[in-house]
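Visitor: Below is a structure I'd like to ask you about.
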Amino acid sequence: MHMADALLSPTVGGVMWGATACLLGYASSKLKAEKDDSRIPLMGVLGAFIFAAQMINFSIPGTGSSGHLGGGLILAALLGPHAAFLTIASVLAVQALFFADGGLLAMGCNIFNLGFFPCYLAYPLIYKPLAGAVSSRGRLMAASLIAAVAGLQLGAFGVVLQTTASGISELPFSSFVMLMQPIHLGIGVVEGVVTALLLGFLHRVRPELFGAARPATASRPLRPIIIGLALAAMLVGGSMSWFASADPDGLEWAMAKVSGKEELHAPEAGIHGTLDALQKRIAFLPDYNFKSTEEPEAVPAGNEGNTPEPWPNVAVGTSLSGVLGGFMTLCLAGLLGFAVRKFHAKA
Amino acid sequence: MSIENALFELRRLDELARQDTPLHRLDARAKVLATVFFLISLLSLNRYEVARLLPYAAFPWLLAVLGNIPLAVLFRRAALALPFVLMVGLFNPLLDRTVLVHFGPLAVTGGMLSFTSIVLRAILAVTTGLALVAVTGFDNICRALGRMGLPSVFLVQLQFLYRYIFVLAAEATRMMHARSLRCAKSSRPSLREYRSLLGCLLLRTLDRAGRVHQAMLCRGFDGSMPGYGHTTSFGAAEVRFCLVCGLYLVAVRIFDLPLLLGGLAGGLFR
């Protein structure tokens with residue numbers, strides 16, 4: 001589930017780090033605004049709890065395998081989305097730094113996949129409405145199950161999108177989706193059941209915990225959702241636009257692979273390509289150097305009509321605009337959040 | 001990974017980070033910057049590159065040697081981190097069968113090249129990340145990130161988490177020990193037991209959070225972690241370190257070092 005550095009291109013990693021950094025800033029500012037000191041040790045200790053809990057496996061009945069708690073959803077239910085996001089981010093950071101789960105560049109992706117989706121989408125949009133204020137056992141179970149499955153499906157889809165957009169792995173989008181989504185359906189069910197069991201247990205022995213947590217998180221439910229959705233829309237849009245341009249590239253790639261051999265031998269091609277790379281920062285795109293290796297004779301008969309000349313420019317153009325657009329939307333979303341906050345502070 | 005192993009690994013890296021070498025004394029920001037630059041430079045290479053990745057090994061190696069970090073520690077961790085990468089990467093040789101290079105009778109396909117490249121990238125990225133922690137230490141990295149602009153609430157959370165991992169992991173270990181003493185036959189708890197175990201751990205966690213908060217208030221907690229140890233500054237040594245690493249990383253990114261060396265060697269023999 002953890003995205004790895006080796007499968008990631010710097011552009012995708014950078015964009016996801018940007019999005020994650022914005023979310024971290026947003027969640028921190030929200031927490032600061034709440035001025036609830038007691039939340040800080042609770043977050044730290046619960047993070048450590050998740051860390052320890054992830055190392056205790058239980059055997060899944062009927063199968064030979066084992067499962068453990070992921071933690072995003074239960075943190076959101078106990079702490080509210082902002083504190084939960086920061087907590088899960090810190091757990092992932094420690095895992096990345098000390099256990100090399102994922103990696104430093106991939107940390108942005110991982111925090112986004114495992115933090116944003118459960119805390120800012122699955123929890124407020126699915127868990128809260130379904131579980132309601134005074135939840136029965138059945139409702140709690142259903143809400144946790146659906147929210148956990150949805151959160152993990154989105155997270156797994158995020159991994160697929162980021163991997164495909166990076167273009168390091170050869171796995172085609174459709175097969176990767178077919179590989180990842182069913183696995184994470186199972187993981188999601190396990191996560192949902194464990195979350196529901198734990199929450200049910202806490203409900204029984206510590207009902208005051210849920211009463212105390214509610215007013216703080218339910219005061220302004222709409223704003224985080226709107227900003228979260230704007231960010232998600234930007235990201236999905238950004239990666240999808242990449243991805244749309246990656247499809248024709250796949251054809252072109254197959255052709256260029258034939259001439260790609262020359263790139264391995266000819267030093268000019270390498271230096272040419274890399275100088276180009278320095279000139280424009282976009283060279284961090286994984287497919288940049290096919291523009292220098294493209295050879296007319298590598299084009300099969302059927303396709304030469306439209307592809308060879310315009311394609312590289314188009315690809316560079318779209319990826320550049322995709323990146324630029326992504327950053328601009330990020331800035332816009334950040335400004336929007338800032339403006340809303342200012343407005344609220346005055347009001 | 002069992003809890004005991006995880007704790008052991010955490011402590012091991014912590015101990016390594018407490019050494020006193022010139023590299024350890026460098027400001028953490030310089031090391032973080034160099035590592036980020038290393039990752040960007042490494043991962044931006046074309047996915048069929050294998051030989052060009054090799055000069056990058058100099059960076060983690062340099063960190064390990066200057067920082068007095070045993071290479072075995074780094075490699076053992078790298079091996080633990082590989083499975084997901086291998087799972088995804090293994091499809092490359094199966095899907096991409098275009099022959100790119102011939103080594104005598106051996107035809108090397110694009111998939112084989114890109115798979116090797118992925119594995120190399122993974123090893124290089126992971127060992128470098130671990131080496132960074134081992135020569136810097138978690139607290140220093142947090143402090144560096146704070147000075148580089150990460151929100152303080154998040155940093156306080158990171159430091160809290162790190163402190164309490166040891167406490168709660170020890171708590172979880174005791175519970176698991178108690179369990180295994182009582183039911184020696186089954187190695188893993190069932191779902192029912194799991195719920196009780198985690199539920200109890202969660203309750204203890206929450207109680208502990210309350211006590212910690214009381215203790216913090218008694219000691220005048222104001223929302224930020226007090227720093228300890230000496231604060232370092234970004235001086236001449238840091239600039240020199242960043243410059244050397246930066247120049248090397250730019251050079252190996254632009255020039256195909258193995259190819260150049262190979263050309264030189266070939267020229268000698270001709």
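Visitor: Is it true that some residue in segment B:223-244 is over 30 Å from B:LEU132 (Cα atoms) and not in a helix (DSSP H, G or I)? Don't jump to the end; show me each part of the working.
Guide: Residues of segment B:223-244 that are over 30 Å from B:LEU132 (Cα atoms), as a first pass: none.
Scanning segment B:223-244 turns up no residue that is over 30 Å from B:LEU132 (Cα atoms) and not in a helix (DSSP H, G or I).
Visitor: In the list B:LEU217, B:LEU168, which residue meets the criterion of being touching a helix residue (DSSP H, G or I) at 6+ places or on another chain (Cβ under 7 Å) and either at pLDDT 85 or above or more than 7 Å from chain A (Cβ to nearest Cβ) (or both)?
Guide: Numbers: B:LEU217 fails: touching a helix residue (DSSP H, G or I) at 6+ places or on another chain (Cβ under 7 Å).
Just one listed residue meets the conditions, B:LEU168.
Visitor: Name the helices (runs of 4 or more DSSP H) wholly within segment B:67-121 that hold at least 1 residues that are within 30 Å of B:ARG25 (Cβ to Cβ)?
Guide: Details: elements: B:71-81, B:83-89, B:91-95.
Filter on segment B:67-121 gives B:71-81.
Visitor: Here is a list of conditions, (1) more than 8 Å from chain A (Cβ to nearest Cβ); (2) among the small types (Gly, Ala, Ser); (3) over 29 Å from the mean Cα position of the chain (by Cα), and B:SER190 meets all of them except one; can you say which number that is?
Guide: Single failed check for B:SER190: (1).
Visitor: While we're here: Between A:LEU69, A:LEU78, A:LEU42, A:LEU86, which is of a type in the set (A, V, I, L, M, F, W, C) and either modelled with pLDDT of 90 or more or on the phi > 0 side of the Ramachandran plot (or both)? Even if it seems obvious, please write down each step before you answer.
Guide: Numbers: A:LEU69 fails: either modelled with pLDDT of 90 or more or on the phi > 0 side of the Ramachandran plot (or both); A:LEU78 fails: either modelled with pLDDT of 90 or more or on the phi > 0 side of the Ramachandran plot (or both); A:LEU42 fails: either modelled with pLDDT of 90 or more or on the phi > 0 side of the Ramachandran plot (or both).
After applying the criteria, what remains is A:LEU86.
Visitor: Select from segment B:245-270 the residues that are in a loop (DSSP other than H, G, I, E, B) and more than 19 Å from B:ILE40 (Cα to Cα) and list them in ascending order.
Guide: Our first condition is that a residue be in a loop (DSSP other than H, G, I, E, B); within segment B:245-270, this holds for B:255-256, B:270.
Once the filter is applied, which keeps residues that are in a loop (DSSP other than H, G, I, E, B) and more than 19 Å from B:ILE40 (Cα to Cα), segment B:245-270 yields only B:ARG270.
Visitor: Scan (1) more than 30 Å from B:ASN92 (Cβ to Cβ); (2) out of contact with any Lys or Arg (no Cβ under 6 Å at 6 or more places or on another chain); (3) aliphatic (A, V, I, L, M); (4) within 9 Å of chain B (Cβ to nearest Cβ) for the single condition A:ALA33 breaks and write down its number.
Guide: (4)
Visitor: I would also like to ask the following. Just the residues that are among the basic types (Lys, Arg) and surrounded by fewer than 18 Cβ atoms within 10 Å (Cβ to Cβ), please, taken from segment B:185-213. Quick ask: steps written out before the conclusion?
Guide: Of segment B:185-213, the ones among the basic types (Lys, Arg) are B:185, B:188, B:192, B:195, B:204, B:208, B:211.
Matches in segment B:185-213: B:LYS185, B:ARG188, B:ARG192, B:ARG204, B:ARG211.
Visitor: Further question: How many residues does segment B:101-119 hold that are on the phi > 0 side of the Ramachandran plot and aromatic (Phe, Trp, Tyr)?
Guide: Final tally of qualifying residues: 0.
Visitor: Let me ask something additional. Checking B:ASP96 against (1) out of contact with any strand residue (DSSP E or B) (no Cβ under 8 Å at 6 or more places or on another chain); (2) within 11 Å of chain A (Cβ to nearest Cβ): exactly one of these is not met. Which one?
Guide: (1)
Visitor: Further, regarding this structure: Condition test on A:ALA89, is it more than 10 Å from every other protein chain (Cβ to nearest Cβ) and surrounded by 24 or more Cβ atoms within 10 Å (Cβ to Cβ)?
Guide: On the way: more than 10 Å from every other protein chain (Cβ to nearest Cβ): no; surrounded by 24 or more Cβ atoms within 10 Å (Cβ to Cβ): yes.
No, not satisfied.
Visitor: Can you find a residue that is surrounded by 18 or more Cβ atoms within 10 Å (Cβ to Cβ) and touching a Pro at 6+ places or on another chain (Cβ under 6 Å) anywhere in segment B:164-184?
Guide: Scanning segment B:164-184 turns up no residue that is surrounded by 18 or more Cβ atoms within 10 Å (Cβ to Cβ) and touching a Pro at 6+ places or on another chain (Cβ under 6 Å).
Visitor: For the condition in contact with a Gly (Cβ under 9 Å, 6 or more places away or on another chain), at negative phi and touching a residue at least 60 places away in the same chain (Cβ under 8 Å), what is the one hit in B:ALA51, B:ALA57, B:ALA64?
Guide: Values: B:ALA57 fails: in contact with a Gly (Cβ under 9 Å, 6 or more places away or on another chain); B:ALA64 fails: in contact with a Gly (Cβ under 9 Å, 6 or more places away or on another chain).
Just a single option satisfies the conditions, and that option is B:ALA51.
Visitor: Taking the stated definitions as given, is A:MET3 over 18 Å from B:VAL212 (Cα atoms), of a type in the set (A, V, I, L, M) and buried (at least 20 other Cβ atoms within 10 Å of the Cβ)? Break it down into steps so the answer makes sense when it comes.
Guide: On the way: over 18 Å from B:VAL212 (Cα atoms): yes; of a type in the set (A, V, I, L, M): yes; buried (at least 20 other Cβ atoms within 10 Å of the Cβ): yes.
In short, yes.
Visitor: Can you run down the residue pairs with Cβ atoms below 6 Å, 6 or more apart or on separate chains, where the first is in segment B:183-212 and over 20 Å from A:HIS203 (Cβ atoms) and the partner is surrounded by fewer than 18 Cβ atoms within 10 Å (Cβ to Cβ)?
Guide: Within 6 Å, the pairs are B:ARG188/A:ASN57; B:ARG188/A:SER66.
Visitor: With respect to A:ILE60, is the statement that it is without any contact (Cβ under 8 Å) to a residue 60 or more places away in the chain, within 9 Å of chain B (Cβ to nearest Cβ) and among the hydrophobic types (A, V, I, L, M, F, W, C) true?
Guide: On the way: without any contact (Cβ under 8 Å) to a residue 60 or more places away in the chain: no; within 9 Å of chain B (Cβ to nearest Cβ): yes; among the hydrophobic types (A, V, I, L, M, F, W, C): yes.
Criteria not met by A:ILE60.
Visitor: Further question: Of everything in segment B:127-172 that's in contact (Cβ under 8 Å) with a residue 12 or more places away in the chain and among the basic types (Lys, Arg), which residue is farthest from B:PHE8 (Cα to Cα)?
Guide: Among those residues, the one meeting the criterion is B:ARG147.
Visitor: Condition first: more than 9 Å from every other protein chain (Cβ to nearest Cβ) and without any contact (Cβ under 8 Å) to a residue 12 or more places away in the chain. Now tell me which residues in segment B:72-86 satisfy that.
Guide: Selection gives B:ALA72, B:ARG76, B:ALA79, B:PRO83.
Visitor: Let me ask another. Go through segment B:143-165 and count every residue that is part of a helix (DSSP H, G or I) and either within 7 Å of another protein chain (Cβ to nearest Cβ) or of a type outside the set (A, V, I, L, M, F, W, C) (or both). Spell out the reasoning first.
Guide: Pass one, segment B:143-165, residues part of a helix (DSSP H, G or I): B:143-147, B:152-165.
Applying the additional criterion that residues be either within 7 Å of another protein chain (Cβ to nearest Cβ) or of a type outside the set (A, V, I, L, M, F, W, C) (or both) yields B:143, B:146-147, B:152-154, B:156-165.
So the count comes out to 16.
The values are calculated or read from the model by the stated rules, or taken from the named source; none is laboratory data. Predicted model, so just to flag it, every value in this text is computed and none were measured. Because the Cβ atoms are built from the backbone with ideal geometry, glycine has one as well, and the counts that use them run over all protein chains shown.
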